[in-house]
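Structure first, then comments.
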Amino acid sequence: MSATIPEEDFEDGYVLKFRTLLHGRGIWLEYHRDRGAIDLGIRLKLKQGGSSTVSQTRIWFQLKGLHTETHSAAAFAEKGAYANVNIAHLREWYEAPEVVYLVVWVESVGEFVGLDVRDLVQARWGADVRWDEVGEPGQTKIRVWIPASNLIEPKFLDGLDRHASMRIDSGTWRGQYLGHPLDPLRNELEPMPAATFNSLVATVLDAHEFNLDAQLDPTQILTDDQDVDAGGLAQTSLVRGRLFGTLRWPFPLSIEYGYTDIEEPREEGQWFTAHGHVAVLTMPNPGTLRTREKLEPELVAALLGSAAEKVIVFINDSEYQAGPWRFRGLPTVGAPLGLGALSTVILLAPALHRAYSTQLKWRRPTTRHS
């Protein structure tokens, strides 16, 4: 009968406790051999309706333990928990493509605390961490601390699905990872349900730090002719606010779709930008909607104020159907964002593309090399 090694017994105990804590939240992932300097991983389950289907979110954990004799409850309350780790491993976890948590079992209080290694490193050494300056010259291990407030409890675990992974081998744009192979300039979205379009536009605005100042009445500038669909009129929105981030989009009709000469650069067309005080007209169900034939400048000025000369138009239709006849008299910023321009905005923003990829359809999916 072999003797039990106390430290191994201690480690086996807190690993089992940690597995129990996350029981039912996903499928465990493990390395066959301990060569990756990471103890455990989990592929989370989808939350909707108690589904047993796993999601695309994978979380990795490196576990450590502190004996009661080593770290008392009083010391934990005052300073949190610590772990002595290899600097090389810390860098590996920090630069990993998927999130790695450093988790410490504190025996004296019977609790786990954990922290995303990126947050841990940036809090101590900054986002521009210089690894050759971490520790003293020749030092291979370092002590790091996790606050006592970072308890691994249900609220903490419920928030793990905010993490995401992205493939970076599928395509780039000016050195920016896209996470997909689609050409940002040569694709066009299919028209989508009004609710999806409104949600997409709101997400685009939010991504560009749009701050809402006022919700306006779009019927003051749009036609109410008998041949105009009343449903489309009701679904249209007009808001005024400030863009703290610059929104940039192309005029798709000026982009060279193919190559006149494969040896020559293709024409990338005209681009527009908006920033600061703007108004946003969103037309999720445009039908035959258009602005009034004679739109008085005084009305526009009174309605839009400082954004009167900066109206951004989003229209759930192709640029061919978003021509100037629709917005005669309305001082728009460049050309409207139809489904061609909007596709460029989405395809150049990996987070937006990932969030809506299952809801969007493309007219003729085109890659950079097709």
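The values are calculated or read from the model by the stated rules, or taken from the named source; none is laboratory data. Computed from a predicted model, the values in this text were never measured in an experiment. No Cβ is skipped: glycine too gets one built from the backbone with ideal geometry, and neighbour counts run over all protein chains shown. These accessible areas exclude ligands, DNA and RNA; they are computed on the full protein's heavy atoms, side chains included. Shrake-Rupley method; radii C 1.70, N 1.55, O 1.52, S 1.80 Å.
Overview of results
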quantity	calculated
Kirkwood Rh in Å, taken over all unlike Cα pairs in the chain	24.8 Å
Surface per residue (accessible, 1.4 Å probe) for the chain, Å²	54 Å²
Selection from 129, 203, 142 lying farthest towards where the dipole of the chain points positive, charges on Cβ	203
Inter-label distance for residue 68 and residue 86, nm, one decimal - labels placed 7 Å from Cα along Cα-to-Cβ	3.3 nm
Antiparallel %, DSSP beta bridges [both residues in the chain], to 5	75 percent
Lys/Arg +1, Asp/Glu -1 at C-beta; the chain dipole; positive extreme among 308, 108, 337	337
Over the chain: helical MRE at 222 nm, DSSP H runs n ≥ 4 each giving -39500 (n - 2.57), nearest 500	-7000 deg cm²/dmol
Within the chain: Cβ-based charge dipole about Cα centre, in debye rounded to nearest 20 (Lys, Arg +1; Asp, Glu -1)	320 debye
Distance-filtered residues of segment 85-108 - backbone nitrogen under 13 Å, label point 7 angstrom along residue 131 Cα→Cβ	86-97
Alpha carbon convex hull of segment 55-138, volume per residue in cubic angstrom	114 Å³
Sorted peptide list for 348-359, 332-343, criterion being average Cβ within 10 angstrom, highest first	332-343, 348-359
Relative contact order %, the chain, counting alpha carbon pairs below 8 Å whose residues are six or more apart	14 percent
In range of the label at residue 31: residues from segment 89-116 whose backbone nitrogen is under 18 Å from the point 7 Å along Cα→Cβ	89-104
Global geometry of segment 110-179, whether rounded, prolate or oblate, following the gyration tensor of its Cα atoms and the 1.5 cut on a/c	oblate
Radius of gyration, Dmax [segment 109-228; alpha carbons; angstrom]	24.0, 81
Carbon plus sulfur fraction of accessible area for segment 1-126, probe 1.4 Å, in percent	48 percent
Estimated dipole of segment 277-370 in Debye, rounded to 20 [Cβ of Lys and Arg +1, of Asp and Glu -1, Cα centre]	440 debye
Accessible surface of segment 240-328, 1.4 Å probe, proportion on carbon and sulfur as whole %	53 percent
Carbon and sulfur %, accessible surface of segment 140-182 computed with the full protein complex present, 1.4 Å	53 percent
Qualifying trypsin sites (Lys or Arg not before Pro) in segment 71-180, DSSP loop, other Cβ atoms within 10 Å at most 11	130, 174
In segment 289-366, GluC sites (Glu not before Pro) in a DSSP loop with at most 13 other beta-carbon atoms within 10 Å	293
